[in-house]
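To start, the structure itself, in structure tokens.
All of the numbers you see were taken from the coordinates with simple rules; none came from a lab. For clarity, every value in this text was computed on a predicted model and none was experimentally measured. A quick note on method: Cβ atoms are made from the backbone with ideal geometry, for glycine too, and the neighbour counts reach across all protein chains shown.
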């Protein structure tokens, strides 16, 4: 994939802030409800990021359970370890989703939110997910399809160009449309699929929409040449959103898709 985001310490802090917005807190509640964890269970969090979901999961499985969070970012692993320092049942390691360091059939459940769309070899990653689950183990996967975005703008052409550049930071910006059949192909039963929308009607500074605006601006600034964008274009795009916010005309919506599958 081209133009990957480097999840260094600064990026990790930005992700942590976004994950604490009401939109993403609501998403996390929905994911945990779908996961249905019980005391004593062992769960793997693939792409555990700053450890917010893993922290909640660790409290749900209790001291006799286990949560293993894996992430390719050292900064994320460090942040998650700090967050969960008082929860000895939570462990975090640097690990790739395509090479999970766990024995076959060792987890009751696994969860992965906003991860597989970044993975180049997603089929291999799904095989690994299937491998580490116990028989009848369950998985909850959540990813975004960026074709589902509805974003008010005063310049449709500029918005399309900015979002096309943003797509470059992903291995597959439209993964959900193929994920159900991919899961079945590696051995899962047909998954249940639900929509988890990120919606902002009106601008809220502490929201997913505000955070993604900043993230897109930062990424596109570093990868604009491929799409013929200039620094002036990027700032004009960003300023347009702020102007719409001042006018009370800001509107943002994108769908995330949650897949609940059983081995």
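The angle between the Cα long axis of helix 52-61 and the main principal axis of the chain comes to about 20°, on a 0 to 90 degree scale.
Based on C-alpha pairs under 8 angstrom that are at least 6 apart in sequence, region 9-262 has a relative contact order of 21 percent.
Taking the square roots of five times each eigenvalue of the Cα gyration tensor of the chain, the equivalent ellipsoid has semi-axes of 33, 19, 17 Å, listed largest first.
A straight chain from residue 225 to residue 121 at 0.36 nm per residue would run longer than the Cα-Cα distance by 34.8 nm. At an R0 of 22 angstrom, the distance between the Cβ atoms of residue 236 and residue 168 translates into a FRET efficiency of 0.65. Using R0 = 25 Å, the C-beta based FRET efficiency linking residue 82 and residue 218 works out to 0.55.
Between residue 9 and residue 184, the modelled labels are 4.8 nm apart [label points 7 Å from Cα along Cα→Cβ]. Cβ-to-Cβ counts within 10 Å put 169, 174 in ascending order as 174, 169, the fewest first.
Peptides 120-130, 228-238 ranked from most to least packed, by the mean per-residue count of other Cβ atoms within 10 Å: 120-130, 228-238.
In the chain, the DSSP beta bridges split such that about 50 percent are antiparallel, to the nearest 5. In this rough spin-label picture, where each label sits 7 Å from Cα along the Cβ direction, the residue 101-residue 20 distance is 2.9 nm. Orientation-averaged projection of region 83-226 equals 11.3 nm² [convex hull of Cα atoms, one quarter of hull surface area]. Compared with the alpha-carbon gap, the fully stretched path from residue 195 to residue 246 is longer by 15.4 nm at 0.36 nm per residue.
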